[in-house]
1. Among the residues of the range 77-85, are any free of Cβ contacts under 8 Å to residues at least 24 places away in the same chain, under 21 Å from V153 (Cβ atoms) and more than 13 Å from the chain's Cα centre (by Cα)?
2. Would you mention how many residues in the range 38-66 are in a loop (DSSP other than H, G, I, E, B) and of a type in the set (S, T, Y)?
3. Take S115 and decide whether it is of a type in the set (S, T, Y) and outside any strand (DSSP E or B).
4. Considering each of K159, K69, K95 in turn, give the residue that is within 14 Å of I32 (Cβ to Cβ), assigned to a strand (DSSP E or B), under 15 Å from the mean Cα position of the chain (by Cα) and among the basic types (K, R).
5. Can you tell me which of S110, S101 is assigned to a strand (DSSP E or B) and either under 15 Å from S156 (Cβ atoms) or of a type in the set (S, T, Y) (or both)?
6. Considering only residues that are at pLDDT 90 or above and in contact with a Gly (Cβ under 6 Å, 6 or more places away or on another chain), look in the range 129-160 and name the one that is farthest from A77 (Cα to Cα).
7. Go through the range 59-93 and give me each residue that's hydrophobic (A, V, I, L, M, F, W, C), out of contact with any Ser or Thr (no Cβ under 7 Å at 6 or more places or on another chain) and closer than 24 Å to A149 by Cα.
8. Name the single residue, out of those in the range 11-29 being in a strand (DSSP E or B) and of a type in the set (A, V, I, L, M), that is farthest from the chain's Cα centre (by Cα).
Amino acid sequence: MILSQITGFSPVTAALYGPETIEMVYKAGGAITVGAPVMIDVTDTTGKAVTTGTTTTKTPLMAGVYEGKGGTGTATAVTGLTGKAAVSGDIILVKVFGVASVIATPKTSSDLSTSGKALALGTTAGQAEGYDTATAKMGMALVSLEVGATTAVSTSVIKAFCRFV
């Protein structure tokens, strides 16, 4: 686990340096694209592996967001993302707490038209999805911080807050 604590504020600008983040170490249970929400790989009985999130019904298995750290695959060319895709067996870092860059799509045209929406695993593997226009409530694990695409078939990279721990 990597806990990044940047606490305090600048005495010059009085701005907060940044929020705390937590990244967990996992093994890639398959190919994972940068920006994909990942879920626990239930075929791995050790609980060490994650795989690309597949469907909204598996949202309770969601473990965090893979942001490209540790992957040995192809470097991402998607604007708003950095890092390399993971291939099966890579040891990767998954953002489980803090602000993450995630690939998201709205389930309906209004799901990502405002920030503060709960996100679930998408019906397309490797994407988060606006959760039926739900406003985030306590206990929601992934919440949009930015407005994303507003057409149900479009995707965008948005900032979201992860709270998986």
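The values are calculated or read from the model by the stated rules, or taken from the named source; none is laboratory data. Just so we're clear, the structure is a prediction, and the values are computed from it rather than from any experiment. Reconstructed Cβ throughout: ideal geometry from the backbone, glycine too, with neighbour counts over all protein chains shown.
1. So in the range 77-85, the residues free of Cβ contacts under 8 Å to residues at least 24 places away in the same chain come out as 77.
Of the ones still in play, those that are also under 21 Å from V153 (Cβ atoms) are 77.
Next, only the ones that are more than 13 Å from the chain's Cα centre (by Cα) stay: 77.
Yes, the range 77-85 has at least one match.
2. Kept after step one, since they are in a loop (DSSP other than H, G, I, E, B), are these residues of the range 38-66: 41-48, 53-55.
Adding the requirement that they be of a type in the set (S, T, Y) leaves 43, 45-46, 54-55.
Adding up the residues that qualify gives 5.
3. Details: of a type in the set (S, T, Y): yes; outside any strand (DSSP E or B): yes.
Considered against the rule, which asks whether it is of a type in the set (S, T, Y) and outside any strand (DSSP E or B), S115 comes out as yes.
4. On the way: K159 fails: within 14 Å of I32 (Cβ to Cβ); K69 fails: assigned to a strand (DSSP E or B).
Matching residue, one of K159, K69, K95: K95.
5. Details: S110 fails: assigned to a strand (DSSP E or B).
Of the residues listed, the single one that is assigned to a strand (DSSP E or B) and either under 15 Å from S156 (Cβ atoms) or of a type in the set (S, T, Y) (or both) is S101.
6. E129
7. In the first step, residues of the range 59-93 are kept if they are hydrophobic (A, V, I, L, M, F, W, C); the result is 61-63, 65, 75, 77-78, 81, 85-87, 91-93.
Of the ones still in play, those that are also out of contact with any Ser or Thr (no Cβ under 7 Å at 6 or more places or on another chain) are 61-63, 65, 75, 77-78, 86, 91-93.
M62, A63, V65, A75, A77, V78 - these are the residues of the range 59-93 that are hydrophobic (A, V, I, L, M, F, W, C), out of contact with any Ser or Thr (no Cβ under 7 Å at 6 or more places or on another chain) and closer than 24 Å to A149 by Cα.
8. Checked the range 11-29; the qualifying residue farthest from the chain's Cα centre (by Cα) is L16.
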